[in-house]
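None of the figures in this text is laboratory data; all of them are computed from the coordinates on show. Nothing here was measured: the structure is a model prediction, and the numbers come from that model. So basically every Cβ, Gly included, is an ideal-geometry build from the backbone, and we count neighbours across all protein chains shown.
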Amino acid sequence: MKVRFYANFRALVGRKEIEVKGVKTVRELIDYLAERYTPEIKKQLLETPRINERKPIDGMILVNGHNVLHLKGLDTELKEDDVVHIFPPAGGG
């Protein structure tokens, strides 16, 4: 699958797009990215004070244009031909 990064995630990964194989869910993808690139990705997406039962991801992850929060959240299944977009948490005010 193609995984595209935006804003500071591009800097963390060092690329705007990568190819990933073998991950089955969004949770596995985040773990893969944390292990392969930097744990900071997982920290920013899953380990902030804004995380709760209704909002398990701080930021936005789209799979084929659909926000995973409107699918199965971290358990959203991924296929080899999917396109995943990962946006960091919004800042400012």
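Looking at this structure, is LEU45 crowded, with 18+ Cβ neighbours inside 10 Å, in contact with a strand residue (DSSP E or B) (Cβ under 7 Å, 6 or more places away or on another chain) and not in a loop (DSSP other than H, G, I, E, B)? Talk me through it step by step, then tell me what you get.
On the way: crowded, with 18+ Cβ neighbours inside 10 Å: yes; in contact with a strand residue (DSSP E or B) (Cβ under 7 Å, 6 or more places away or on another chain): no; not in a loop (DSSP other than H, G, I, E, B): yes.
No: the conditions fail for LEU45.
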| Within the bounds of region 40-55, is there any residue that is acidic (Asp, Glu), under 21 Å from ALA7 (Cβ atoms) and out of contact with any His (no Cβ under 7 Å at 6 or more places or on another chain)? | yes
| request: Could you list all residues from region 64-74 that are under 12 Å from the mean Cα position of the chain (by Cα) and either part of a helix (DSSP H, G or I) or over 15 Å from LEU45 (Cα atoms) (or both)? | output: VAL68, LEU69, GLY73, LEU74
| field | Candidates ASP81, ASP58 - the one that is of a type in the set (D, E, K, R) and exposed (fewer than 12 other Cβ atoms within 10 Å of the Cβ) | value | ASP81
| query | Tell me, which residue of region 1-49 that is among the hydroxyl-bearing types (Ser, Thr, Tyr) and under 20 Å from GLY73 (Cα atoms) is farthest from the chain's Cα centre (by Cα)? | reply | THR48
| field | Filter result (closer than 14 Å to ALA90 by Cα and in contact with a Lys or Arg (Cβ under 8 Å, 6 or more places away or on another chain)) within region 22-62 | value | ASP58
| field | Among the residues listed as LEU71, LEU62, the single one being without any contact (Cβ under 8 Å) to a residue 40 or more places away in the chain and either polar (S, T, N, Q) or over 18 Å from LYS16 (Cβ atoms) (or both) | value | LEU71
